[in-house]
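The values are calculated or read from the model by the stated rules, or taken from the named source; none is laboratory data. What you see is a predicted model; the values in this text were computed from it and never measured. When we count neighbours, we look across all protein chains shown, and the Cβ atoms used for this are built from the backbone with ideal geometry, even at glycine. Surface accessibility is based on the protein's heavy atoms, side chains included, excluding ligands, DNA and RNA. Shrake-Rupley method; radii C 1.70, N 1.55, O 1.52, S 1.80 Å.
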Amino acid sequence: HVSDFNHTHLRGLRVIWNGVFVRGLVLGMVGRRTRVFGEEHIKHLGSHDKVLIASNHRTFFDFWVITVCGLWAKGGVSLFSFYPVRSTWVYTNFGGMFMNMSFSSYAMFPPLMNTPSDKKNEEMRTVDDAHKWNDYAIRRVISDLKSPGVLCGIHPEGTRNTSEDPYDVLPTKPGIGRVALEAPDAHVVPVFVIGVEPDVWTIFKKN
């Protein structure tokens with residue numbers, strides 16, 4: 001409910017927090033060693049455009065590197081962004097909830113439930129409950145992407161890929177295809193990110 005309220009009624013606060021504090025933090029972490037290729041394909045995007053990012057998923061920080069050092073730095077896209085996320089850790093663990101609040105102003109929204117095709121754990125919902133909620137979450141994303149000035153990032157793999165091969169890609173989920181088809185005015189920006197370490201301290205040291 002807190003994330004929903006923030007997403008719906010406190011968009012200006014998220015824009016200020018992420019556009020100033022989080023942007024400065026990310027640039028301080030990876031700004032000096034980030035290289036962007038293909039920026040000519042996003043230079044035409046403006047603050048009123050609807051943008052859907054499709055990216056591989058290696059770490060918890062992928063989308064912030066992509067958004068801050070890519071879309072915000074090289075294009076003129078909206079500062080209002082959100083990223084649907086699996087509920088397993090972000091919405092059921094104090095550390096995840098704190099990170100969502102402090103590091104993104106609740107931009108990790110809406111949550112998606114695990115289904116029996118995912119890893120089995122104590123947060124498993126029934127097939128029916130999970131599918132009903134996830135259908136609502138996808139419809140919510142589609143609805144948001146029909147409004148001007150919105151940036152949404154989705155990992156088609158649906159989970160972090162922890163394989164040793166950074167070019168390995170997991171089988172993709174169908175949700176992003178549905179979003180792209182049902183929000184046809186959104187600009188779909190495919191992104192491949194590589195070289196972001198999985199822990200903050202290593203990232204700081206290498207910058």
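Would you confirm whether or not the range 58-65 contains a residue that is open to solvent by 10 Å² or more (accessible area, probe 1.4 Å), closer than 15 Å to residue 197 by Cβ and of a type outside the set (A, V, I, L, M, F, W, C)? Looking for residues that are open to solvent by 10 Å² or more (accessible area, probe 1.4 Å), closer than 15 Å to residue 197 by Cβ and of a type outside the set (A, V, I, L, M, F, W, C), one finds at least one in the range 58-65, hence yes. Screening residue 18 on (1) of a type in the set (S, T, N, Q); (2) more than 14 Å from the chain's Cα centre (by Cα); (3) open to solvent by less than 60 Å² (accessible area, probe 1.4 Å); (4) over 18 Å from residue 137 (Cα atoms) shows it passes everything except condition (2).
Per-residue answers, yes or no, for (1) assigned to a helix (DSSP H, G or I); (2) at positive phi; (3) surrounded by fewer than 16 Cβ atoms within 10 Å (Cβ to Cβ); (4) free of Cβ contacts under 8 Å to residues at least 40 places away in the same chain:
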site: 134; (1), (2), (3), (4): yes, no, no, no
site: 142; (1), (2), (3), (4): yes, no, no, no
site: 152; (1), (2), (3), (4): no, no, no, no
site: 163; (1), (2), (3), (4): no, no, yes, yes
site: 169; (1), (2), (3), (4): no, no, yes, no
site: 173; (1), (2), (3), (4): no, no, no, yes
site: 180; (1), (2), (3), (4): yes, no, no, no
site: 193; (1), (2), (3), (4): no, no, no, no
site: 202; (1), (2), (3), (4): yes, no, yes, yes
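Looking at 36, 68, 51, just one residue is β-branched (Val, Ile, Thr) and surrounded by fewer than 19 Cβ atoms within 10 Å (Cβ to Cβ), and that residue is 36. Inside the range 13-43, residues that are of a type outside the set (Val, Ile, Thr) and within 15 Å of residue 150 (Cα to Cα) make up a count of 4.
Residues that are within 17 Å of residue 152 (Cβ to Cβ), among the β-branched types (Val, Ile, Thr) and outside any helix (DSSP H, G or I) are absent from the range 15-33 altogether. With respect to the conditions (1) without any contact (Cβ under 8 Å) to a residue 12 or more places away in the chain; (2) more than 25 Å from residue 193 (Cα to Cα); (3) of a type outside the set (Lys, Arg), residue 92 lacks only one, and its number is (1).
Screening 156, 184 for residues that are closer than 27 Å to residue 15 by Cβ and open to solvent by 90 Å² or more (accessible area, probe 1.4 Å) leaves exactly one candidate, 184. When the range 21-33 is limited to residues that are more than 19 Å from the chain's Cα centre (by Cα) and charged (D, E, K, R), the one that is surrounded by the fewest Cβ atoms within 10 Å (Cβ to Cβ) turns out to be 32.
Among the conditions (1) modelled with pLDDT of 95 or more; (2) out of contact with any helix residue (DSSP H, G or I) (no Cβ under 6 Å at 6 or more places or on another chain), residue 179 misses just one, which is (2).
Among the residues of the range 53-91, those identified as in a loop (DSSP other than H, G, I, E, B) and either more than 19 Å from residue 5 (Cβ to Cβ) or of a type in the set (D, E, K, R) (or both) are 56, 57, 58, 59, 60, 61, 75, 76, 77, 78, 79. Look at the range 10-39: where a residue is over 23 Å from residue 197 (Cα atoms) and a partner is among the hydrophobic types (A, V, I, L, M, F, W, C) and open to solvent by less than 80 Å² (accessible area, probe 1.4 Å), sitting 6+ places away or on another chain with Cβ atoms under 6 Å, you get 11/80; 15/79; 15/80.
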